[in-house]
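Each remark here refers to the structure printed beneath this line.
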Amino acid sequence: MPTNQDPQQVSARLGRRRFLSQSSAVVATAAFASVGASRAFAQAPTAGEFTLPALPYGYDALNPIIDTQTMTIHHTKHHQGYVNNLNKAVASEPSLAGKTVEELLRNLDRVPESVRTAVRNHGGGHANHSLFWKVMQPTGAASSPTGKLASAVESAFGSLSNMKEAFSKAAGSQFGSGWAWLVVGESDKLEIVATPNQDNPMLMGKTPVLGLDVWEHAYYLKYQNRRADYIEAFWKVVHWDQVAKNYAQAVA
Ligand code: MN3
(Lines give C-alpha, C1' and ligand atoms only; values in the text may rest on other atoms or scores of the structure.)
Protein backbone atom coordinates (compact mmCIF):
# COMPACT_ATOMS: atom_id res chain seq x y z
CA MET A 1 0.00 0.00 0.00
CA PRO A 2 1.49 3.37 -0.94
CA THR A 3 2.17 5.41 2.17
CA ASN A 4 0.73 8.56 0.64
CA GLN A 5 -2.62 6.95 -0.04
CA ASP A 6 -5.61 9.00 1.03
CA PRO A 7 -6.91 7.49 4.27
CA GLN A 8 -10.43 8.04 2.97
CA GLN A 9 -9.72 5.89 -0.05
CA VAL A 10 -8.31 3.29 2.26
CA SER A 11 -11.36 3.61 4.44
CA ALA A 12 -13.59 3.08 1.45
CA ARG A 13 -12.11 -0.35 1.11
CA LEU A 14 -11.99 -1.04 4.78
CA GLY A 15 -11.28 -4.51 5.92
CA ARG A 16 -10.16 -5.85 2.57
CA ARG A 17 -7.44 -8.41 2.71
CA ARG A 18 -5.41 -6.67 0.03
CA PHE A 19 -4.43 -3.82 2.28
CA LEU A 20 -4.80 -5.24 5.74
CA SER A 21 -3.28 -8.68 5.39
CA GLN A 22 -0.04 -7.56 6.97
CA SER A 23 -1.65 -5.70 9.82
CA SER A 24 -3.67 -8.40 11.53
CA ALA A 25 -0.67 -9.80 13.38
CA VAL A 26 0.24 -6.29 14.50
CA VAL A 27 -3.29 -5.67 15.74
CA ALA A 28 -3.30 -8.90 17.69
CA THR A 29 0.08 -8.12 19.21
CA ALA A 30 -0.99 -4.61 20.19
CA ALA A 31 -4.18 -5.93 21.72
CA PHE A 32 -2.33 -8.39 23.87
CA ALA A 33 0.42 -5.96 24.81
CA SER A 34 -1.86 -3.17 25.97
CA VAL A 35 -3.82 -5.13 28.52
CA GLY A 36 -1.30 -7.66 29.75
CA ALA A 37 -3.02 -10.94 30.38
CA SER A 38 -5.80 -10.16 27.97
CA ARG A 39 -5.99 -13.34 25.95
CA ALA A 40 -9.31 -14.02 27.56
CA PHE A 41 -10.64 -10.82 25.92
CA ALA A 42 -9.42 -11.47 22.43
CA GLN A 43 -11.30 -13.43 19.84
CA ALA A 44 -9.03 -15.33 17.51
CA PRO A 45 -9.24 -13.86 14.01
CA THR A 46 -10.79 -16.10 11.37
CA ALA A 47 -9.27 -16.54 7.97
CA GLY A 48 -11.24 -14.49 5.49
CA GLU A 49 -11.48 -11.45 3.30
CA PHE A 50 -12.22 -9.02 6.10
CA THR A 51 -9.84 -8.17 8.93
CA LEU A 52 -9.98 -6.05 12.05
CA PRO A 53 -8.52 -2.60 11.32
CA ALA A 54 -5.99 -1.33 13.85
CA LEU A 55 -7.14 1.47 16.13
CA PRO A 56 -5.60 4.81 15.08
CA TYR A 57 -4.54 5.36 18.75
CA GLY A 58 -3.88 3.30 21.85
CA TYR A 59 -6.53 1.57 23.93
CA ASP A 60 -5.94 4.12 26.70
CA ALA A 61 -5.96 7.18 24.42
CA LEU A 62 -9.59 8.19 25.00
CA ASN A 63 -9.37 8.18 28.80
CA PRO A 64 -11.19 9.46 30.75
CA ILE A 65 -14.04 9.70 28.23
CA ILE A 66 -13.88 6.05 27.22
CA ASP A 67 -11.89 3.80 29.53
CA THR A 68 -9.13 1.42 28.49
CA GLN A 69 -10.97 -1.78 29.35
CA THR A 70 -14.05 -0.78 27.37
CA MET A 71 -11.93 0.16 24.34
CA THR A 72 -9.99 -3.10 24.53
CA ILE A 73 -13.00 -5.39 24.81
CA HIS A 74 -14.96 -3.37 22.28
CA HIS A 75 -12.23 -3.58 19.64
CA THR A 76 -10.69 -7.00 20.24
CA LYS A 77 -13.85 -8.87 21.15
CA HIS A 78 -16.94 -7.15 19.76
CA HIS A 79 -15.52 -5.75 16.53
CA GLN A 80 -13.45 -8.89 15.94
CA GLY A 81 -16.63 -10.92 16.42
CA TYR A 82 -18.41 -8.96 13.66
CA VAL A 83 -15.43 -9.48 11.35
CA ASN A 84 -15.36 -13.22 12.06
CA ASN A 85 -19.07 -13.66 11.46
CA LEU A 86 -19.01 -11.55 8.31
CA ASN A 87 -16.19 -13.74 6.99
CA LYS A 88 -18.21 -16.87 7.72
CA ALA A 89 -21.25 -15.47 5.91
CA VAL A 90 -19.28 -14.37 2.86
CA ALA A 91 -17.34 -17.65 2.71
CA SER A 92 -20.59 -19.58 2.42
CA GLU A 93 -21.76 -17.59 -0.63
CA PRO A 94 -19.23 -17.55 -3.50
CA SER A 95 -21.21 -14.83 -5.30
CA LEU A 96 -20.14 -12.39 -2.57
CA ALA A 97 -16.41 -12.93 -2.98
CA GLY A 98 -14.41 -9.76 -3.52
CA LYS A 99 -17.20 -7.34 -2.60
CA THR A 100 -16.48 -4.52 -0.18
CA VAL A 101 -18.59 -4.17 2.93
CA GLU A 102 -20.02 -0.96 1.44
CA GLU A 103 -21.06 -2.80 -1.72
CA LEU A 104 -22.71 -5.50 0.38
CA LEU A 105 -24.65 -3.06 2.56
CA ARG A 106 -25.72 -0.71 -0.22
CA ASN A 107 -27.08 -3.65 -2.23
CA LEU A 108 -28.36 -5.83 0.56
CA ASP A 109 -31.38 -6.93 -1.49
CA ARG A 110 -28.96 -8.62 -3.90
CA VAL A 111 -27.27 -10.59 -1.12
CA PRO A 112 -28.60 -14.17 -1.06
CA GLU A 113 -31.31 -14.62 1.52
CA SER A 114 -29.37 -17.38 3.27
CA VAL A 115 -26.83 -14.84 4.56
CA ARG A 116 -28.68 -11.54 4.21
CA THR A 117 -29.36 -11.08 7.91
CA ALA A 118 -25.82 -12.09 8.82
CA VAL A 119 -24.38 -9.58 6.33
CA ARG A 120 -26.72 -6.86 7.58
CA ASN A 121 -25.76 -7.44 11.23
CA HIS A 122 -22.08 -8.36 10.99
CA GLY A 123 -21.24 -6.36 7.86
CA GLY A 124 -22.99 -3.45 9.56
CA GLY A 125 -21.07 -4.11 12.77
CA HIS A 126 -17.77 -4.12 10.88
CA ALA A 127 -18.52 -0.95 8.90
CA ASN A 128 -20.00 0.89 11.89
CA HIS A 129 -17.08 0.24 14.22
CA SER A 130 -14.48 0.92 11.52
CA LEU A 131 -15.99 4.41 11.16
CA PHE A 132 -16.49 4.89 14.91
CA TRP A 133 -12.81 4.37 15.81
CA LYS A 134 -11.75 6.89 13.19
CA VAL A 135 -14.13 9.70 14.16
CA MET A 136 -12.66 9.85 17.65
CA GLN A 137 -9.30 11.21 18.78
CA PRO A 138 -7.46 11.53 22.08
CA THR A 139 -8.83 14.08 24.52
CA GLY A 140 -7.13 17.43 24.40
CA ALA A 141 -6.92 17.37 20.62
CA ALA A 142 -10.47 18.58 20.11
CA SER A 143 -11.25 20.64 17.05
CA SER A 144 -14.48 21.90 15.54
CA PRO A 145 -15.96 21.59 12.07
CA THR A 146 -14.19 23.63 9.41
CA GLY A 147 -14.61 24.44 5.74
CA LYS A 148 -17.38 22.78 3.78
CA LEU A 149 -18.52 20.72 6.75
CA ALA A 150 -18.98 23.85 8.89
CA SER A 151 -21.15 25.52 6.25
CA ALA A 152 -23.12 22.31 5.63
CA VAL A 153 -23.85 22.03 9.37
CA GLU A 154 -24.92 25.67 9.44
CA SER A 155 -27.14 25.22 6.43
CA ALA A 156 -28.83 22.03 7.66
CA PHE A 157 -29.18 22.78 11.37
CA GLY A 158 -28.64 26.51 11.81
CA SER A 159 -25.69 26.01 14.13
CA LEU A 160 -23.27 23.43 15.47
CA SER A 161 -25.00 23.40 18.83
CA ASN A 162 -28.35 22.63 17.17
CA MET A 163 -26.73 19.75 15.31
CA LYS A 164 -25.17 18.39 18.50
CA GLU A 165 -28.49 18.66 20.28
CA ALA A 166 -30.35 16.75 17.55
CA PHE A 167 -27.63 14.09 17.40
CA SER A 168 -27.55 13.68 21.19
CA LYS A 169 -31.34 13.42 21.26
CA ALA A 170 -31.26 10.69 18.61
CA ALA A 171 -28.55 8.86 20.58
CA GLY A 172 -30.40 9.20 23.86
CA SER A 173 -33.79 8.16 22.56
CA GLN A 174 -32.69 5.12 20.55
CA PHE A 175 -34.53 2.36 22.41
CA GLY A 176 -32.19 -0.48 23.21
CA SER A 177 -29.04 -1.10 21.17
CA GLY A 178 -28.20 1.02 18.19
CA TRP A 179 -26.40 4.03 16.79
CA ALA A 180 -26.83 7.76 16.22
CA TRP A 181 -25.50 9.21 13.00
CA LEU A 182 -24.72 12.38 11.13
CA VAL A 183 -25.27 11.36 7.52
CA VAL A 184 -25.27 12.77 4.03
CA GLY A 185 -28.72 12.15 2.61
CA GLU A 186 -30.56 13.29 -0.48
CA SER A 187 -29.21 16.34 -2.31
CA ASP A 188 -26.02 16.03 -0.27
CA LYS A 189 -27.80 17.48 2.75
CA LEU A 190 -26.71 16.58 6.28
CA GLU A 191 -29.25 14.75 8.43
CA ILE A 192 -29.41 13.07 11.82
CA VAL A 193 -30.66 9.49 11.95
CA ALA A 194 -30.70 6.73 14.53
CA THR A 195 -30.57 3.05 13.62
CA PRO A 196 -31.30 -0.08 15.68
CA ASN A 197 -28.88 -2.98 16.17
CA GLN A 198 -25.94 -2.73 13.73
CA ASP A 199 -27.92 -1.23 10.87
CA ASN A 200 -25.73 1.14 8.87
CA PRO A 201 -27.25 4.23 7.19
CA MET A 202 -26.00 2.87 3.86
CA LEU A 203 -28.93 0.44 4.09
CA MET A 204 -31.11 3.54 3.64
CA GLY A 205 -28.97 4.93 0.84
CA LYS A 206 -27.34 7.49 3.13
CA THR A 207 -23.64 7.97 3.84
CA PRO A 208 -22.55 8.19 7.48
CA VAL A 209 -19.90 10.80 8.35
CA LEU A 210 -20.11 10.63 12.18
CA GLY A 211 -21.49 7.82 14.31
CA LEU A 212 -21.92 7.04 17.99
CA ASP A 213 -22.33 3.52 19.32
CA VAL A 214 -25.00 3.47 22.03
CA TRP A 215 -24.95 -0.26 22.66
CA GLU A 216 -24.39 -0.82 26.38
CA HIS A 217 -21.10 -2.60 25.57
CA ALA A 218 -19.80 0.79 24.41
CA TYR A 219 -20.20 2.53 27.76
CA TYR A 220 -21.57 0.37 30.56
CA LEU A 221 -18.33 -0.35 32.45
CA LYS A 222 -17.78 3.36 33.06
CA TYR A 223 -21.20 4.98 32.77
CA GLN A 224 -23.54 2.10 33.75
CA ASN A 225 -27.11 3.36 33.14
CA ARG A 226 -25.99 6.96 32.48
CA ARG A 227 -26.14 6.93 28.70
CA ALA A 228 -26.73 10.69 28.60
CA ASP A 229 -23.39 11.33 30.34
CA TYR A 230 -21.59 9.11 27.82
CA ILE A 231 -23.22 10.98 24.93
CA GLU A 232 -22.29 14.37 26.37
CA ALA A 233 -18.71 13.26 26.97
CA PHE A 234 -18.40 11.88 23.42
CA TRP A 235 -18.28 15.42 21.99
CA LYS A 236 -14.91 15.91 23.73
CA VAL A 237 -13.29 13.19 21.61
CA VAL A 238 -14.90 13.83 18.21
CA HIS A 239 -12.27 14.06 15.50
CA TRP A 240 -13.80 16.88 13.46
CA ASP A 241 -11.07 16.89 10.83
CA GLN A 242 -11.88 13.26 10.08
CA VAL A 243 -15.61 14.02 9.99
CA ALA A 244 -14.88 16.84 7.53
CA LYS A 245 -12.93 14.41 5.35
CA ASN A 246 -15.78 11.91 5.49
CA TYR A 247 -18.20 14.65 4.45
CA ALA A 248 -15.99 15.84 1.59
CA GLN A 249 -15.71 12.29 0.30
CA ALA A 250 -19.45 11.68 0.62
CA VAL A 251 -20.36 14.72 -1.47
CA ALA A 252 -17.53 14.42 -3.99
MN1 MN3 B 1 -20.08 -1.60 19.55
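A few comments on the model shown:
- Peptides 114-122, 238-246 ranked from most to least packed give 238-246, 114-122, packing being the mean of other C-beta atoms within 10 angstrom over each peptide's residues.
- Taking only the Cα atoms of segment 147-251, the ratio Rg/Rh comes out at 0.96, with Rh defined as the Kirkwood radius.
- What a 1.4 Å probe finds exposed on segment 147-251 is 50% carbon and sulfur by accessible area, rounded to a whole percent.
- Two-decimal Rg to Rh for segment 83-229 - Kirkwood Rh, Cα set: 1.00
- Of the Cα atoms belonging to segment 208-252, the radius of gyration and Dmax stand at 13.0, 40 Å.
- Debye-sum result for segment 68-134 in log10 I(q)/I(0), which assumes one identical scatterer on each alpha carbon, at q = 0.19, 0.23 Å⁻¹: -0.68, -0.91
- For the peptides 149-162, 84-97, residues were scored by their other Cβ atoms within 10 Å and the scores averaged per peptide; the highest-first order is 84-97, 149-162.
- Lysine pair count for segment 147-251 [Cα-Cα under 21 Å; pairs on different chains or 8 or more apart]: 17
The values are calculated or read from the model by the stated rules, or taken from the named source; none is laboratory data. What you see is a predicted model, and the numbers here were worked out from it, not measured in a lab. Note that we place each Cβ from the backbone using ideal geometry, even for glycine, and neighbour counts take in every protein chain shown. What goes into the accessible areas is simple: the full protein's heavy atoms, side chains included, and nothing from ligands, DNA or RNA. Shrake-Rupley method; radii C 1.70, N 1.55, O 1.52, S 1.80 Å.
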